[in-house]
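Have a look at the structure below before the remarks.
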Amino acid sequence: MSTRQLTKTKTLIAILTAVIILLIPIVALAADPPALVPKTGQTTIFDTGDDGYYQTGISIPNPRFTDNSDGTITDNLTGLVWLKNASCYEEGGWIEALTDSNALNSGECGLTDGSAEGDWRLPNRNELNSLVDVSNRNPALSYPHPFTGVLSTFYWTSTSANMGGGLFGQTPAWKVNMDNGEMIRTTYGSLFVWPVRGPDRDDDELPDHEDNCPTVANPNQKDVDSNNIGDVCDPNTVYGTISGDVQEGISIELSLVSCGGTTLVATTTTNSEGFYIFSGLSNGYYEVSPQNTSYVFNLVTRSVQIPQGSNHAYNFIATLIRFVDNGDGTVTDTLTDLVWLKDANCYSWLDWEAAISSVSLLSDGECDLSDGSIAGEWRLASKEELQGIGTDPPAWWHSSFPLDTWTKPSAPFVNVQSNAYWSGTTYLSNPDGAWFVGIHDGITSISHKFNLYLVWPVRSAN
């Protein structure tokens with residue numbers, strides 16, 4: 001790729017990056033406490049009130065990476081397990097990247113981890129972007145890191161891009177540039193592959209391919225009848241998963257159904273992969289129900305008869321009640337616990353320094369605020385915070401401007417503009433530039449600080 005330089009015009013630098021959604025597994029998403037947005041890695045202060053000044057978000061663990069001495073590296077921030085050799089595969093198309101990643105197994109690419117075909121996969125855009133540290137370039141990884149063969153170029157993600165039909169019949173997909181964290185959509189080309197696999201789904205310290213009951217914790221692999229199915233999966237066991245906007249920390253109630261109604265007999269909590277289990281149950285009719293006031297579930301209860309004729313999971317899908325109108329000119333994002341100005345267009349178009357200064361002076365009585373806030377509490381959001389305000393991918397995409405904004409259509413914000421908003425994050429390679437986020441399509445790029453963009457203040461919860 002050719003080097004792109006900032007110019008003092010309104011020409012946007014075509015360096016794009018991706019939304020780290022807050023749903024990436026930085027830590028398993030729980031109802032309490034909220035999922036915090038990670039730090040961008042920027043520590044240099046270019047102006048009071050910028051990203052380097054506040055350095056908001058989850059701190060990077062030290063060490064960030066652990067070399068497992070079997071050809072794999074564990075990311076201690078996310079728990080994901082990466083192939084140590086980041087250039088084992090030659091460049092290829094998207095379908096080839098998906099296939100190659102899924103076929104990877106122990107004995108290939110320096111692996112001695114005992115993994116089998118199907119254990120590995122192509123990372124989605126959030127997972128690959130989670131490796132990016134904007135404080136570094138060539139590659140944009142936290143230092144020191146134990147990877148080998150990391151190329152400062154684009155890698156495929158498994159996330160398809162909703163941008164219309166691809167060229168030459170190819171599926172549009174997102175790609176990440178490991179040189180600087182740039183992420184853009186593409187409809188064709190040959191890119192590199194960096195496979196990933198997650199921790200074992202039931203957290204019993206056995207990889208799925210060695211586990212006789214991979215979706216339910218069975219660490220001792222007890223199997224009385226030697227049928228290669230763990231006893232924990234027997235007909236007197238009820239288990240399932242919570243998926244959607246949350247996995248860990250959801251309370252699950254099991255009630256016995258009788259003529260007089262229901263009687264609560266057990267309560268458990270989902271693990272980091274969203275799984276729960278009730279075992280050793282007596283014969284009878286039961287109801288399983290998730291309990292959490294921050295989410296709505298696709299089903300209120302599920303009924304089960306013990307013993308079961310055929311054991312299966314009793315699953316639920318959770319949808320976060322994400323944005324809450326506080327009735328004081330602010331909106332709380334329950335996913336991140338950040339508080340946003342409800343009016344997303346209170347300010348006129350400003351250059352970056354004016355935006356930093358103006359937002360720092362925001363207080364109760366301005367922009368329809370009645371929250372008691374004082375000057376100094378509000379700031380420009382970091383790049384990651386501003387990216388995280390939206391859905392992933394955009395709710396709808398058409399031509400250059402979609403009909404829906406990047407934020408969830410049901411959110412209680414007003415005056416959200418389908419245009420670019422300043423972040424407080426300076427572009428490290430050229431401090432005359434700063435990152436912005438296009439609310440119309442989620443694209444994140446860089447522009448000179450004297451250019452004019454919109455402003456959307458944020459503050460931490462009191």
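If only one of Thr293, Thr319, Thr268, Thr263 is of a type in the set (Ser, Thr, Tyr) and not in a strand (DSSP E or B), which one is it?
None of the others qualify; the one that does is Thr293.
Checking Gly79 against (1) within 21 Å of the chain's Cα centre (by Cα); (2) modelled with pLDDT of 95 or more; (3) surrounded by fewer than 22 Cβ atoms within 10 Å (Cβ to Cβ), which test does it fail?
The number of the failed condition is (2).
Would you confirm whether or not the stretch 131-141 contains a residue that is surrounded by fewer than 21 Cβ atoms within 10 Å (Cβ to Cβ) and more than 19 Å from Glu384 (Cβ to Cβ)?
yes
Can you list the strands (runs of 3 or more DSSP E) lying wholly within the stretch 144-246 that have 3 or more residues being in contact with a strand residue (DSSP E or B) (Cβ under 8 Å, 6 or more places away or on another chain), modelled with pLDDT of 80 or more and not assigned by TED's automatic domain parsing to the domain that holds Asn298?
154-160, 173-177, 183-186
When residues of the stretch 339-368 are filtered for being buried (at least 16 other Cβ atoms within 10 Å of the Cβ), closer than 23 Å to Asp325 by Cα, among the small types (Gly, Ala, Ser) and more than 30 Å from the chain's Cα centre (by Cα), how many remain?
1
Criterion first (under 18 Å from Tyr54 (Cα atoms), small (Gly, Ala, Ser), surrounded by 15 or more Cβ atoms within 10 Å (Cβ to Cβ) and modelled with pLDDT of 95 or more) does Ala434 satisfy it?
Against the criterion (under 18 Å from Tyr54 (Cα atoms), small (Gly, Ala, Ser), surrounded by 15 or more Cβ atoms within 10 Å (Cβ to Cβ) and modelled with pLDDT of 95 or more), Ala434 qualifies.
What is the number of the single condition among (1) in contact with a Ser or Thr (Cβ under 8 Å, 6 or more places away or on another chain); (2) modelled with pLDDT of 80 or more that Tyr53 does not meet?
(1)
If I ask for residues that are crowded, with 20+ Cβ neighbours inside 10 Å and not small (Gly, Ala, Ser), which ones from the stretch 40-52 would you list?
Thr40, Gln42, Phe46, Asp50, Asp51
When you look at Ala86, is it surrounded by fewer than 20 Cβ atoms within 10 Å (Cβ to Cβ), at pLDDT 85 or above and small (Gly, Ala, Ser), yes or no?
So Ala86 fails the test.
Being part of a loop (DSSP other than H, G, I, E, B) and in contact with a strand residue (DSSP E or B) (Cβ under 8 Å, 6 or more places away or on another chain) is the filter here, so list the residues in the stretch 322-345 that pass it.
Arg322, Asn326, Gly329, Thr334, Leu335, Asp337, Lys342, Ala344, Asn345 - these are the residues of the stretch 322-345 that are part of a loop (DSSP other than H, G, I, E, B) and in contact with a strand residue (DSSP E or B) (Cβ under 8 Å, 6 or more places away or on another chain).
Being modelled with pLDDT of 85 or more and surrounded by fewer than 18 Cβ atoms within 10 Å (Cβ to Cβ) is true for just one of Ser282, Ser272. Which residue is that?
Selected residue: Ser282, the only one of Ser282, Ser272 that is modelled with pLDDT of 85 or more and surrounded by fewer than 18 Cβ atoms within 10 Å (Cβ to Cβ).
Pairs only if they're at least six apart or on different chains, beta carbon under 6 angstrom, first in the stretch 288-307 and free of Cβ contacts under 8 Å to residues at least 60 places away in the same chain, second surrounded by fewer than 13 Cβ atoms within 10 Å (Cβ to Cβ); list them, first residue then second.
Final answer for the pair search is Val296/Thr319.
Among the listed residues Gly249, Gly329, identify the single one that is under 28 Å from the mean Cα position of the chain (by Cα) and in the same structural domain as Gly365 (by TED's automatic domain parsing).
On the way: Gly249 fails: in the same structural domain as Gly365 (by TED's automatic domain parsing).
None of the other options fit; the residue is Gly329.
If you go through the stretch 370-381 one residue at a time, do you hit one that is at pLDDT below 95, more than 21 Å from Asn126 (Cα to Cα) and either buried (at least 23 other Cβ atoms within 10 Å of the Cβ) or aromatic (Phe, Trp, Tyr) (or both)?
No, that holds for no residue.
Restricting attention to the stretch 347-366, which residues are under 17 Å from Gly49 (Cβ atoms) and in a loop (DSSP other than H, G, I, E, B)?
Answer for the stretch 347-366, where residues must be under 17 Å from Gly49 (Cβ atoms) and in a loop (DSSP other than H, G, I, E, B): Tyr347, Asp351, Leu361, Leu362, Ser363, Glu366.
The values are calculated or read from the model by the stated rules, or taken from the named source; none is laboratory data. Keep in mind it's a predicted model, so treat the numbers as computed, not measured. Every residue, glycine among them, receives a Cβ derived from its backbone with ideal geometry; neighbour counts consider all protein chains shown.
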